[in-house]
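The values are calculated or read from the model by the stated rules, or taken from the named source; none is laboratory data. This one's a predicted model, so the numbers in the text were calculated from it and none came from an experiment. Note: ideal-geometry Cβ built from the backbone for every residue, glycine included; neighbour counts use all protein chains shown.
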Amino acid sequence: MKNPKIGVVLFPGANCERDTIHAASLLPGAAVRHIWHKDASVGDIDVVFLPGGFSYGDALRCGAIARFSPVMGSVAEFAEKGGIVIGICNGFQVLTECHLLPGALLMNESRKFICKNIHVRVERNDIPATRALKKGDVLKLPIAHGEGRYYASTETIQSLEANGQVVVRYCDENGNITPEANPNGALNNIAGICNGRGNVFGLMPHPERASEPILGNTDGWGILKSLLT
């Protein structure tokens with residue numbers, strides 16, 4: 001899309017909204033603004049980002065309270081109408097808590113917070129957030145989470161795989177899907193999924209932290225740039 005209008009939801013405890021706004025602002029012609037968690041509407045926008053961080057201090061569990069923020073009703077309506085919604089890390093957790101995406105993000109298998117670069121393989125490049133990428137591309141992206149282990153029922157996992165809803169999967173630097181490349185024990189090495197229509201996308205890695213040369217890594221830029229196609 002040309003000149004996208006992008007909104008980044010700010011929850012109490014979020015700490016990645018400025019990074020996300022900055023990265024999205026690098027898109028030519030983009031107009032980017034905050035959306036406060038108490039707003040009743042997301043307004044006139046094309047894309048909603050739910051950023052990473054620790055919304056509401058991760059009380060109860062990650063994303064559990066953020067789902068009740070007034071703005072989330074509008075986000076759900078926006079998604080239902082086909083609007084693009086991207087949840088990064090805690091944003092992915094919020095999307096599962098409010099059932100815009102299936103499954104849950106559980107505590108890492110190691111029981112430790114993990115902050116490092118990992119690799120993911122692009123499994124699907126026909127949704128709004130991956131159109132500038134190629135299927136099979138390997139991206140090096142940072143993760144920073146304590147509860148990033150994707151889990152769902154056997155039936156849900158089978159449905160996600162059958163419908164091609166796994167968008168990115170943890171892999172090694174050569175694109176091999178191995179247990180060793182899985183940083184948190186996620187089922188089927190799942191790092192990110194989309195809904196059936198492809199307009200709602202959640203992922204644990206942080207593309208906004210790998211979006212320009214000064215950061216030493218631009219692999220995440222492909223996800224942001226995809227919004228222009």
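Structure notes:
- Residues that are of a type in the set (D, E, K, R) and touching a helix residue (DSSP H, G or I) at 6+ places or on another chain (Cβ under 9 Å) were ranked within the stretch 118-133; the one that is farthest from Asn182 (Cα to Cα) is Arg131.
- Count - residues of the stretch 66-85 that are touching a Lys or Arg at 6+ places or on another chain (Cβ under 9 Å) and surrounded by fewer than 18 Cβ atoms within 10 Å (Cβ to Cβ): 2
- With respect to the conditions (1) modelled with pLDDT of 95 or more; (2) over 23 Å from Val167 (Cβ atoms), Arg61 falls short on a single one, namely (1).
- So Ala129, is it in contact (Cβ under 8 Å) with a residue 40 or more places away in the chain, surrounded by 23 or more Cβ atoms within 10 Å (Cβ to Cβ) and in contact with a strand residue (DSSP E or B) (Cβ under 6 Å, 6 or more places away or on another chain): yes
- Scanning the stretch 132-165 for residues that are part of a loop (DSSP other than H, G, I, E, B), of a type in the set (D, E, K, R), surrounded by fewer than 18 Cβ atoms within 10 Å (Cβ to Cβ) and touching a residue at least 40 places away in the same chain (Cβ under 8 Å) yields a total of 1.
- Restricting Gly198, Gly185 to those that are surrounded by 15 or more Cβ atoms within 10 Å (Cβ to Cβ), of a type outside the set (Val, Ile, Thr) and closer than 28 Å to Lys112 by Cα reduces the list to Gly185.
- Here Thr229 passes the criteria (1) at pLDDT 95 or above; (2) at negative phi except the one numbered (1).
- Selection from the stretch 127-158 of residues that are over 18 Å from Gly175 (Cβ atoms) and of a type in the set (Asp, Glu): Glu147, Glu155
- Number of the condition not met by Gly57 [criteria: (1) part of a helix (DSSP H, G or I); (2) of a type outside the set (D, E, K, R); (3) free of Cβ contacts under 8 Å to residues at least 24 places away in the same chain]: (3)
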